[in-house]
Amino acid sequence: MKRLWTLMSMLVLASLVLSACVAPATAPAAAPAGEEAAAPSGEVKDFITWYQYDEKNEDPASDERVGNQYLRDTIPLFNEAFAGKWNWVNQPKAWDRMNAELVAAVQAGGDVPDLFDMGSSGLSLLYQNGALQDLSEWAKAQSWYADMDPNALKACTGPDGGLYCIPIAERPHLVYVWKDRFPEGFPTTPDGYLAAGERLKGEGLYAMTFFGSTDFDGSGATRAVFMTFASFGGGYDDGQGNMLLNTPENVAAVEFLRSMVQNGYVPEIAFAGGFQEENAFKDASAGSFPTGLFGYRYVNPLTAPNGTQYSKGNEEDMLDAIAAGDVILAPFPAVEGQKPGCNNEVTGFGIPVGAKNPEAAQDYINWIMSPEQNPDWVLRPGAGFPALMSTRGLEQFQTPFYQQAGEVVAASACRPWHGSLERRPEAQRLIMGAVYKLIKEDPTADIATVLQATQDEYNAGN
Amino acid sequence: MQQTQIRKKRRGPFHTMLPFWLILPTVLVLLAIQVYPAFYTIWLSLHERQPQGWEYVGFNNFVRLFGMGVFGESVGHTIVFLVGYTSLTLVLGFIIALLLNRKLKLSGLYVTLLFIPWIIADIIVGIVFRLLVVPDYGLLSGILQNPAIFPPNGISVLTATRPPSWFGGFPFPPALAMIYLIMASAWRALPFITLLLLAAMQTVSNEVIESSRMDGANGWQVVRHMMIPLMLPTLVVALFSLTLGGMNGVGMVFSLTGGGPGSATEVLSYLLYVLGWSQLNFGRAAALAMLIAVVNWILILGTLRVTRVEERTN
């Protein structure tokens, strides 16, 4: 009897513990705007954000110093503007862990922020895991919606047609070029790029450095590799959600990259990962660097081919080099009849499922969309072009950097790299693995065969 | 007699159940942090996340996992890594333990110095080893990439391509990055293994060693036929400990090679990290975790069996 009682007690306790620990089978329902009980007059509620920036980090050498300073400057402004209603509390997160932390928090029913600083590259992960609220209805009712760049809105649109982030800045990809390394101008065709590579090799230099490793889960597939594919008229999908790699255009693009690498026109460090490829551009040993527009934040200090040092050690180095004419911005070389291709990402805000104060996030987004705040956000944490068309004409965006970048983007056909692919992290990892194998690891492998095998592996999961 | 019965009655069920209440907190903690996650992992491995919630998919996660090209490669890399890592660490650990066992001057200092790698986090060790060999800019790159020293083109540890495989798809001989990863991992594990073996070595009776020398055994023969058999249970425990650590460790791969170049150092634990925390594909990650857990269970059972044999022998 005693044993039975003990056993029963243990079972009851075990079931209590397990039921207490069990995760919700479905994600907590989104709290609709306005459902929140109206705050009693005078009660100030915390407005929680997750940014990759940390207002408490005052290290001038921090990679994220611009965003950190931005938060230091604007948190008091927001709190002043919404005095008596919201108190902005930022919880800094590591940029490469934010998505995972948010998904874990949402699925575990834990504390989530009211507003999540995010890029379109993470949208599919967050959508698939049910971490974001659909903001379509609310956004369409706002005055700024009609002023948004449709391409930016498209980048924030989920597979079901819902709007899962509000874009604030667009970050197209382009090529940073040391002007003196290309005295006859930066090549506009792949053949010209190869010829320049041969010439520079003779001088002990390289034509191009790029994110050539499989690091960061194949992030390289969204950068120079996509620019190459797109500039050859190719891409990664068939428009119906299937991966499509084995096309003549993509095969030609891989052949070009393979020639660049195997002929020694690309430094070895391009394949080391950890953003080490930037070093070859910093010391001008590589003449060009296809990457995101926002790359200027991180590529410093710089030494120009003529010996000029740009050594503040912050984002101003690249801007100074561009203003001085040592660095120019250019579109990626494209085959005849094709516009240079590039990836276009957006950065902005999402409102997580389970946010306690979604109306605080809505107030914040409307505040950021105001003419007083919008350019500042785009210029500092955004590091790109404004998603609001009216902001683009402002004086702040008429600098040499923005003028050149604007011309490059106008001359290019930029689009989100993933097209209709839904499992984007899996796709980029597979694509970069295949490209790395073809251009670096096994330069004799049949390109079409490897590309076909890669798309088959992805499409098997559709 | 009567008094004893009265005392028992006074004690009541609380006193008779006292042992149960005493172990209850431990049981509850174990249920919460070990049993529940284990069952939840099994549950996850049979489900896939959809925007609307979790969907039961049966064994589809396992099927998809086996269908991933990189899964087979990772199994091969894991075997190569474990064999290289355990062999190198055990051999070096044994040699260093032998040297320290000779009662050298300042042997206490040597042991203290030896312990430095063990107190450094593996992720830091990975970063330091990486900075040494970053192509063109690393501390040792001037030597490694010098064609005069390493003809014909020098070597780049982190980006050198894999040599052609000798056994079909099995990744042997390994890439330079894998060899370097093994070396870095062994460097960090060496102190613990050395001390473990040193402790075991010091339990070997001097009389046994002396008598074998008197019988004409040379140094190698003493080690081969006396010390190794006497230390065998400890060696086996060290082997299992290294294998378990190597099987589950991800920090070193993460910070040293990131699984590259290509997928040349992508071991199963790193693949698990990628599936779970980069791709947030918890279902497939749980399926892989189940497979790794099975291997771990086998290793743990092996260790327990060996330690029981050791106890019985003693």
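Condition test on A:Phe229, is it more than 29 Å from A:Asn462 (Cβ to Cβ), aromatic (Phe, Trp, Tyr) and either surrounded by 24 or more Cβ atoms within 10 Å (Cβ to Cβ) or within 14 Å of another protein chain (Cβ to nearest Cβ) (or both)? Answer is no for this residue.
In region B:123-134, the qualifying residues are those that are open to solvent by 50 Å² or more (accessible area, probe 1.4 Å) and within 18 Å of B:Phe192 (Cβ to Cβ), and the one that is farthest from the chain's Cα centre (by Cα) is B:Ile124. Residues in region A:82-98 that are surrounded by fewer than 17 Cβ atoms within 10 Å (Cβ to Cβ) and of a type in the set (A, V, I, L, M, F, W, C) were compared, and the one that is farthest from the other protein chains (Cβ to nearest Cβ) is A:Ala83. For region A:257-267, residues that are within 14 Å of another protein chain (Cβ to nearest Cβ), part of a helix (DSSP H, G or I) and open to solvent by less than 10 Å² (accessible area, probe 1.4 Å) total 0. Listed by position, the helices (runs of 4 or more DSSP H) inside region B:14-117 whose residues that are surrounded by 16 or more Cβ atoms within 10 Å (Cβ to Cβ) number at least 2 are B:36-45, B:60-67, B:69-100. Only one entry in B:Ser241, B:Ser255, B:Ser269, B:Ser263 is out of contact with any His (no Cβ under 6 Å at 6 or more places or on another chain), under 26 Å from A:Asp442 (Cα atoms), more than 14 Å from chain A (Cβ to nearest Cβ) and crowded, with 17+ Cβ neighbours inside 10 Å, namely B:Ser269. When the helices (runs of 4 or more DSSP H) confined to region A:369-462 are screened for residues that are among the basic types (Lys, Arg), those reaching at least 1 such residues are found at A:389-392, A:424-436.
Determine if region A:224-245 includes at least one residue that is in contact with a Pro (Cβ under 9 Å, 6 or more places away or on another chain), under 25 Å from A:Leu319 (Cβ atoms), in the same structural domain as A:Asp317 (by TED's automatic domain parsing) and assigned to a loop (DSSP other than H, G, I, E, B). Among the residues of region A:224-245, not one is in contact with a Pro (Cβ under 9 Å, 6 or more places away or on another chain), under 25 Å from A:Leu319 (Cβ atoms), in the same structural domain as A:Asp317 (by TED's automatic domain parsing) and assigned to a loop (DSSP other than H, G, I, E, B), which makes the answer no.
For A:Gln309, the criteria (1) more than 30 Å from B:Gly259 (Cα to Cα); (2) out of contact with any Ser or Thr (no Cβ under 9 Å at 6 or more places or on another chain); (3) open to solvent by 20 Å² or more (accessible area, probe 1.4 Å) hold in every case but one, which is (2).
What number of residues within region A:268-300 satisfy the criterion of being out of contact with any His (no Cβ under 9 Å at 6 or more places or on another chain), part of a helix (DSSP H, G or I) and either open to solvent by 10 Å² or more (accessible area, probe 1.4 Å) or over 15 Å from A:Leu205 (Cα atoms) (or both)? Full working, then the answer.
Taking region A:268-300 first, the residues out of contact with any His (no Cβ under 9 Å at 6 or more places or on another chain) are A:268-289, A:294, A:296-300.
After this cut, where a residue has to be part of a helix (DSSP H, G or I) as well, the list is A:268-271, A:278-282, A:294, A:296-297.
Then keep just the ones that are either open to solvent by 10 Å² or more (accessible area, probe 1.4 Å) or over 15 Å from A:Leu205 (Cα atoms) (or both); that gives A:268, A:271, A:278-279, A:282, A:294, A:296-297.
Residues that pass the stated criteria total 8.
Tell me, which residue of region B:45-89 that is free of Cβ contacts under 8 Å to residues at least 12 places away in the same chain and under 15 Å from A:Glu457 (Cβ atoms) is farthest from the other protein chains (Cβ to nearest Cβ)? Only one residue fits best here, namely B:Phe66. Only helices (runs of 4 or more DSSP H) whose full extent lies in region B:201-314 are considered here, and the ones with at least 1 residues that are free of Cβ contacts under 8 Å to residues at least 60 places away in the same chain are B:206-214, B:219-222, B:228-248, B:268-273, B:282-313.
For region B:166-178, which residues satisfy the criterion of being in a loop (DSSP other than H, G, I, E, B) and open to solvent by less than 50 Å² (accessible area, probe 1.4 Å)?
Within region B:166-178, the subset in a loop (DSSP other than H, G, I, E, B) is B:166, B:168-169, B:171-175.
The answer is B:Pro171, B:Pro173, B:Pro174, B:Ala175.
Condition check for A:Gly241 on (1) closer than 15 Å to B:Asp136 by Cα; (2) in contact with a Ser or Thr (Cβ under 6 Å, 6 or more places away or on another chain): one failure, at (1).
Residue count for region A:376-391, restricted to those that are under 15 Å from A:Val346 (Cα atoms) and either free of Cβ contacts under 8 Å to residues at least 40 places away in the same chain or touching a Pro at 6+ places or on another chain (Cβ under 6 Å) (or both): 3.
If we scan region A:298-312, do we find a residue that is touching a residue at least 60 places away in the same chain (Cβ under 8 Å), within 30 Å of A:Lys437 (Cβ to Cβ), within 14 Å of another protein chain (Cβ to nearest Cβ) and under 26 Å from the mean Cα position of the chain (by Cα)? Let's see the steps before the verdict.
So in region A:298-312, the residues touching a residue at least 60 places away in the same chain (Cβ under 8 Å) come out as A:298-299, A:304-306.
Those left that are additionally within 30 Å of A:Lys437 (Cβ to Cβ): A:298-299.
Next, only the ones that are within 14 Å of another protein chain (Cβ to nearest Cβ) stay: none.
No, region A:298-312 contains no residue that is touching a residue at least 60 places away in the same chain (Cβ under 8 Å), within 30 Å of A:Lys437 (Cβ to Cβ), within 14 Å of another protein chain (Cβ to nearest Cβ) and under 26 Å from the mean Cα position of the chain (by Cα).
When residues in region A:422-462 are screened for being open to solvent by 20 Å² or more (accessible area, probe 1.4 Å), more than 10 Å from every other protein chain (Cβ to nearest Cβ) and in contact with a Lys or Arg (Cβ under 9 Å, 6 or more places away or on another chain), 2 of them pass.
Cβ-Cβ under 8 Å, sequence separation 6+ or interchain: first residue in region B:91-120 and under 11 Å from B:Leu198 (Cβ atoms), partner part of a loop (DSSP other than H, G, I, E, B). Which pairs? Taking only residues 6 or more apart or on different chains, the pairs are B:Tyr110/B:Leu104. State which residue is most open to solvent (accessible area, probe 1.4 Å) when the search covers only region A:99-131 and only residues that are within 25 Å of A:Ser420 (Cβ to Cβ) and away from chain B (no Cβ under 11 Å). Looking at the filtered set, the residue picked out is A:Ser121.
Return yes or no: is A:Ser370 open to solvent by less than 40 Å² (accessible area, probe 1.4 Å) and outside the structural domain of A:Arg223 (by TED's automatic domain parsing)?
Values: open to solvent by less than 40 Å² (accessible area, probe 1.4 Å): yes; outside the structural domain of A:Arg223 (by TED's automatic domain parsing): yes.
Against the criterion (open to solvent by less than 40 Å² (accessible area, probe 1.4 Å) and outside the structural domain of A:Arg223 (by TED's automatic domain parsing)), A:Ser370 qualifies.
Is it the case that A:Gly110 is in a helix (DSSP H, G or I) and outside the structural domain of A:Ala427 (by TED's automatic domain parsing)? Give the steps one after another, and end with the answer.
Working: in a helix (DSSP H, G or I): no; outside the structural domain of A:Ala427 (by TED's automatic domain parsing): yes.
It is false that A:Gly110 is in a helix (DSSP H, G or I) and outside the structural domain of A:Ala427 (by TED's automatic domain parsing).
The values are calculated or read from the model by the stated rules, or taken from the named source; none is laboratory data. Since the structure is predicted, the reported quantities are computational estimates derived from the model, not experimental observations. Cβ coordinates were reconstructed from backbone atoms using ideal geometry, including for glycine residues, and neighbour counts include every protein chain displayed. Accessible surface is based on the protein model in full, side chains and every heavy atom, while ligands, DNA and RNA are left aside. Shrake-Rupley method; radii C 1.70, N 1.55, O 1.52, S 1.80 Å.
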